[in-house]
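Novice: Next up is a structure, given as C-alpha cells.
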Amino acid sequence: MKSTFSMLKGAPLLPIIQPKSVDEGLHLAEAIANSGLCNIEVVKRSDAAFEALSAIRKQFPELVVGMGTLLNRNHVFEALDAGAQFLITPTSSETLLDTLIASNAPFLPGVATPADILLAHQKGIREMKFFPANLSGGTPFLKAISSVFSDVCFCPTGGINGDNANEYLSLGNVRAVGGTWMMPKAAIEAKNWQAITLACQQSLTLFDEAAA
C-alpha cells in the first residue's frame, strides 16, 4: 500500500479546509501556500468540494492535496477523478476499507476504537486517521494502544489546536496532525486571507519550537 505520510511535505501539519465555493477554496489554498505549509485536506462537506480540489491542484501544483470525509465507493473514485493525491475517511467499514485498498491510492482510514484499528490492521493497513481524537481518548488512548499496535501510526484530527498539537506530535505513533485551527472562521467569513496566512505561520512556529 502506498504511504500517505511519505507524501506529505514540510511540517507534519495537515490544514483541513471546507470551501463553500471554488473561489473560497483557491483563496484558502493560496493563504496556506503563502505561509509555508505544504499539505491540504479538502473535506467533502459542500457541493463545491470536488471542483475546488481540482482547481487547487491546477493552480498550486506545489501543494499536496487530499480529500476527506469520504464515506463510500462513489466518493472515493470521485475524489480520485478530481485529482486527490490521497484519501481520508472519517470512519471505517469492511466495504470502505476494501474500496480504499482497491483504489491503489494513498489513504488514511478513520479509526476511533481498538476494534476499528484491528479491522484495518487485519487488512494490512498500518497508517490511519484517529478521529475524533480528543473525544476518543486523545493522547492517553494513543499511548495505551502503542504497545498493542506497535506497527501502526496515526494522524489525529478532531479537537487538535495550537495548544495540544505538539502533545500529539511528541508521541512515537503520531506522524502528523490535522485540524482547522489555523484557519479562523471569522477570518474566512471576512475574507481576510492574510490573517489566515499569519495563523498558518504561527502553527509552523509552534511546531518549530517543539522540534528545536
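Novice: Picking from I101, I56, I125, which is most flexible by a Gaussian network model of the chain using Cα springs under 10 Å?
Specialist: Taking springs between Cα atoms under 10 Å, the residue moving most is I101.
Novice: Could you tell me which residue out of G25, N104, M67 lies farthest along the dipole of the chain toward its positive end? Charges go on the beta carbon: Lys and Arg +1, Asp and Glu -1, centred on the Cα centre.
Specialist: N104
Novice: Right, here's the next one. Between the alpha-carbon centers of region 123-198 and region 63-96, tell me the distance in whole angstrom.
Specialist: Cα centroid of region 123-198 versus Cα centroid of region 63-96: 18 Å apart.
Novice: Let me check against my output: what whole-number percent is the relative contact order of the chain, with C-alpha pairs under 8 Å and at least 6 apart? Walk me through the numbers before you get to the answer.
Specialist: Details: 388 pairs, mean separation 42.8, N = 212.
With pairs under 8 Å counted, the relative contact order is 20 percent.
Novice: Related question: Could you work out the Rg to Rh ratio of the chain, with Rh taken as the Kirkwood radius (inverse of the mean 1/r over all Cα pairs)?
Specialist: Numbers: Rg = 16.1 Å, Rh = 17.1 Å.
Taking Rh as the inverse mean 1/r over Cα pairs, Rg/Rh reads 0.95.
Novice: Of the cross-linked pairs K44/K143; K123/K143; K44/K191; K20/K44; K9/K44; K58/K185, which ones have a Cα-Cα span greater than 19 Å in the structure shown? Each step should come with its number before you reach the end.
Specialist: Working: K44/K143 30 Å; K123/K143 23 Å; K44/K191 21 Å; K20/K44 10 Å; K9/K44 22 Å; K58/K185 25 Å.
Check vs 19 Å cut-off fails for K44/K143; K123/K143; K44/K191; K9/K44; K58/K185.
Novice: A further question on this structure: Only counting other Cβ atoms within 10 Å, I'd like R57, R126 sorted with the fewest neighbours first. Intermediate values should be presented prior to the final figure.
Specialist: Values: R57 19, R126 13.
Ordered from fewest to most neighbouring Cβ atoms within 10 Å, R57, R126 come out as R126, R57.
Novice: Kyte-Doolittle cut-off -1.0, length cut-off 30 Å along the helix's own axis using Cα: show which whole DSSP H helices in the chain pass. Mind showing how you got there, number by number?
Specialist: Values: long enough: none.
Both cut-offs are met by no helix.
Novice: If you don't mind, another one. With the chain treated as a Gaussian network of Cα nodes joined by springs under 10 Å, which of F77, F50, F154 yields the largest mean-square fluctuation?
Specialist: F77
Novice: Give me the one-decimal Kirkwood hydrodynamic radius in Å for region 3-77, with the sum taken over alpha-carbon pairs. Could you put the intermediate results ahead of the total?
Specialist: Working: mean 1/r = 0.0806 Å⁻¹.
It works out to 12.4 Å.
Novice: Over all directions, how big on average is the projection of the convex hull of the alpha-carbon atoms in region 150-212, in square nanometres? Working shown, then result.
Specialist: Values: hull surface 18.5 nm².
One quarter of the hull surface, i.e. the mean projection, equals 4.6 nm².
Only the coordinates and a few stated rules stand behind these numbers; no lab work does. No experiment lies behind these values; they were computed from the predicted model shown. Don't worry about glycine lacking a Cβ; one is built from the backbone with ideal geometry, like all the others, and counts go over all protein chains shown.
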